[in-house]
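Chemist: Dropping the structure in here first, questions after.
The values are calculated or read from the model by the stated rules, or taken from the named source; none is laboratory data. A quick note: this is a predicted structure, and the numbers were derived from the prediction, not measured. We place every Cβ from the backbone using ideal geometry, glycine too, and count neighbours over all the protein chains shown.
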Amino acid sequence: MSTGISRDDRAARRVGRGDAYASDPARPLASAARPWWRWLFLVPGLAAVGWGVVGLLGASDRVPLSGWAPWFLGSALLHDVVIAPLVLLGGAVLTRLLPRPARAPIAVGLVVSGMLTLVALPFVLDPGNVPEPGFLPQAYARNLLLLVAGVLAASTVWAVVRTRRAPRG
C-alpha cells in the first residue's frame, strides 16, 4: 500500500536504523509520533495555549482585542518574513565559515543572544514612566549589551575548545 510519500534513499542511508530519535524516511508521519515521550511535551503545551486563548477571550472587557490582534499577527509576520530568513541565512553562512565542531556552540550563543534581546527589547526601546513601586529603572541597553557579549564570549570559548579537542582528519 502506497502512502503517496516517496522514499528518500539518501536520507535513509544517513539516518541509519539504530537511531531511535531520527524519523523514518519511508514513514515520516508514523515516526513523528515516536518516541512516546514527545507527547509529554506536546500535551502540556497545547493545554497552555488553550488556557491562554480562554483567558484572552474571557478578559475581552479588559483586553482590547482590536489592539491585540494586529500585534499578534504582526509579530507572526515579523518572525516569518524577517527573523526566520535571517536565521537561515546566518546558519548557511556559519556552516560555510566555521569548522564542524564550532557550529553548535556558536549557534547556541546566537540563539540565546536573540532570546535575551527579544525579552529585553521593550525595556531598551522605552521603559516609560512606570508608576510601579517595584520597577527599578536601569541602563537596559548597556546591560543587554553586556549580557550578549558575555554569552557570545562563552560560546566562542566553547567553540574554540571543541575545535581544538576535535580529532583531525
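Chemist: Test of understanding: among VAL157, VAL124, which residue is surrounded by 14 or more Cβ atoms within 10 Å (Cβ to Cβ) and either at pLDDT 90 or above or part of a helix (DSSP H, G or I) (or both)?
Modeler: Working: VAL157 fails: surrounded by 14 or more Cβ atoms within 10 Å (Cβ to Cβ).
Exactly one residue qualifies, and that residue is VAL124.
Chemist: For region 22-58, give me the residue count where each residue is modelled with pLDDT of 75 or more, assigned to a helix (DSSP H, G or I) and hydrophobic (A, V, I, L, M, F, W, C).
Modeler: Within region 22-58, residues that are modelled with pLDDT of 75 or more, assigned to a helix (DSSP H, G or I) and hydrophobic (A, V, I, L, M, F, W, C) number 14.
Chemist: Another one. Picking from VAL81, VAL108, which residue would you name as being assigned to a helix (DSSP H, G or I), free of Cβ contacts under 8 Å to residues at least 60 places away in the same chain and touching a helix residue (DSSP H, G or I) at 6+ places or on another chain (Cβ under 7 Å)? Before the answer, list the steps.
Modeler: Numbers: VAL81 fails: touching a helix residue (DSSP H, G or I) at 6+ places or on another chain (Cβ under 7 Å).
Exactly one of VAL81, VAL108 is assigned to a helix (DSSP H, G or I), free of Cβ contacts under 8 Å to residues at least 60 places away in the same chain and touching a helix residue (DSSP H, G or I) at 6+ places or on another chain (Cβ under 7 Å), namely VAL108.
Chemist: Exactly one condition in (1) touching a residue at least 60 places away in the same chain (Cβ under 8 Å); (2) in contact with a Gly (Cβ under 7 Å, 6 or more places away or on another chain) is not met by LEU98; state its number.
Modeler: Here LEU98 meets the rest and fails (2).
Chemist: Can I ask one more? Take region 38-80 and flag every residue that is of a type in the set (Lys, Arg) and within 19 Å of the chain's Cα centre (by Cα). Full working, then the answer.
Modeler: In the first step, residues of region 38-80 are kept if they are of a type in the set (Lys, Arg); the result is 38, 62.
Passing the criteria: only ARG38.
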